1. Amide H neighbours of Ala331 under 5 Å, at least 5 residues apart or on other chains, H built in the peptide plane: list them.
2. Count the net charge of all other residues whose Cβ sits under 11 Å from the Cβ of Tyr400, scoring Lys and Arg as +1 and Asp and Glu as -1.
3. Among residues other than Arg64 whose Cβ falls under 15 Å from its Cβ, what is the net charge (Lys/Arg +1, Asp/Glu -1)?
4. Please give every one of the lysines within straight-line cross-link reach of Lys322, meaning a C-alpha to C-alpha distance under 19 Å, and leave out same-chain neighbours fewer than 8 residues apart.
5. I need the phi-derived Karplus couplings for segment 52-69: 6.51 cos²θ - 1.76 cosθ + 1.60, θ = phi - 60°, integer Hz, Gly and Pro marked x.
6. Check Lys203: other-chain or 5+ apart residues with amide H under 5 Å from its amide H, H built from backbone geometry?
7. All other residues with a Cβ under 15 Å from the Cβ of Pro200 taken together, and with Lys, Arg as +1 and Asp, Glu as -1, what is their net charge?
8. Taking all protein chains together and a probe of 1.4 Å, list Asp35, Asp176, Asp202 from the most accessible to the least accessible.
Amino acid sequence: MFQENSFGSQQGGASVSLWLADSLGRTPAAPPPPDWRARLRAWADEVELVPDLGRNIGSATWFRGLATCFGLCATALYLSPGFQPVPGAPGPTLSDAHYDEVRSQMMTPLALGADSGRHMGSTDAVQPLRETPERPQIELSAQVGSSDTLPRALSRAGVSSGDVATIMGLVGGDIDAGVKPGTRLDIILGRRASRDRPRPLDKLAFRARLDLGVEMTRNGGALSVRRIPIRVDDTPLRIQGVVGDSIYRSARAAGAPPKAVQAFLRVIAQQVDLGGIGAGDRYDIVTAYRRAETGDVEVGDLLYAGLKRARGRSIDMLKWTKDGRTEWFEASGVGERRGVLSSPVSGRMSSGFGMRRHPILGYTRMHAGIDFAARYGSPIYAVTDGVVAYAGRHGGHGNYVRIQHGGGLATGYAHMSRIAAAPGQRVRQGQVIGYVGSSGLSTGPHLHYELYRNGATVNPLSVRFTTMAQLAGAELAAFRAKLAQYRGLRVGTHEGFAAPVASGK
């Protein structure tokens, strides 16, 4: 406040000056002109040479700012000193002795300068050997591939054909089903008698089965085998849980193997619509499971599938073998196998059942089946169980197979390139009975598929095969005992390791 009363504002000072000048009768002095810096600053503020290029794009101010940016960049490039390297003083020249000393310390192959003879290279004083000594042993670690066999894996690792034959003769009975892909082979090859002969096998160790390890060693010039039994727990694995937003994710989060979950969904899908399974339903999975004391596991087939639904019918399905065929049975002992007339070949349906113009004969006539477009040589499958009634050449059908399924139903497969079934042969659903071709009246490789009811052709898409199986007596009692055993399993635990059985081979 003191400042304001003493000096006043700029405007007040000007008024006082004018009053003094007027009272004294003098002409007031003109104010001094503004400084050039102030004028330049005012012009720059008014023009706005450096605007924000992210705003008002396309306006005159934006283009002015763009021109300023280009001008500054051009000025910086013009005033830059250039990109030539700065010259420096050359290093001192090494003498020959110093140069050899430096080369002897290099981690360099002989072909690239490490030939001084001091550490890595040789000199004229070194005499070359007539024969390079071989390593007394070579240790290798190989692996059996996904589509590989044990003999092929051993041969690829350098084991001689004679030793491979000896190995298969000693352990062939232990690996009847083949060695599991990914099995590690620890191999030691010994010294060979001459350079033109392969190295002999000194030692081989691998896992023949989950419950058996094998070690082979050479003693006195001959290979001997030592079998190492491994304890294995065969208790089936039981997993239960509550369905969340997805039954697959819920089961996987509970620890169910992917193979078991996929099999469980296939079984359940034959009984109910998977889309109708909601949150709150409880699933129950029992699968064959083998765990070795070494920690390795093998997941087997699904044994039991249960689904307790909050709304709707609950499901209890048990896998059971009846009359040599393994099927899924309900808890009541009733099994149902549906044989829907699906595609008997991997291909698309190219022609339906009914009247059509024949592509070769040129006139309209009844097409008494359906055609499937498929590649030449594709396998053809029996749509359900039956007995082959005819297999051979059959007029315009070419190579033709007819199967009787019982109940007055039969199926026919025409235009095959090759027949893989014989008259009187009993075939199972999904068994290969021939291969796609273009024999007979045909314009290209395809399968002509027919369905007969009491000898007359009908539309194959209108019939569903259904076979029922019913357990009774002692078989039903055994079935219920097995079902009770699975339901009594503890969830996610194992009873213990069984004692290994020593092999006498």
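1. Counting only residues 5 or more places away or on other chains, the set is Asp316.
2. Numbers: positive: Arg393, Arg402; negative: Glu450.
Once positives and negatives cancel, what remains is +1.
3. Values: positive: Arg55; negative: Asp45, Glu46, Glu48, Asp52.
Charge balance in the 15 Å sphere: -3.
4. Answer for Lys322, where 19 Å is the Cα cut-off: Lys482, listed by chain and number.
5. Ordered by residue, 3J(HN,Hα) equals 6, 6, x, 10, 6, 5, x, 7, 5, 5, 5, 5, 5, x, 5, 5, 4, 4 Hz.
6. Under 5 Å from the amide H of Lys203 lie the amide H atoms of Ile188, each far enough along the sequence or on another chain.
7. Working: positive: Arg135, Arg191, Arg192, Arg195, Arg197, Arg199, Lys203, Arg218; negative: Glu134, Glu139, Asp163, Asp196, Asp202.
So the environment of Pro200 carries a net charge of +3.
8. Values: Asp35 75, Asp176 135, Asp202 40 Å².
The ordering from most to least exposed comes out as Asp176, Asp35, Asp202.
The values are calculated or read from the model by the stated rules, or taken from the named source; none is laboratory data. These numbers come from a predicted model, not from an experiment. With ideal geometry, Cβ positions are generated from the backbone for all residues, glycine too; neighbour counts draw on all protein chains shown. Surface areas here come from the heavy atoms of the whole protein model, side chains and all, with no ligands, DNA or RNA. Shrake-Rupley method; radii C 1.70, N 1.55, O 1.52, S 1.80 Å.
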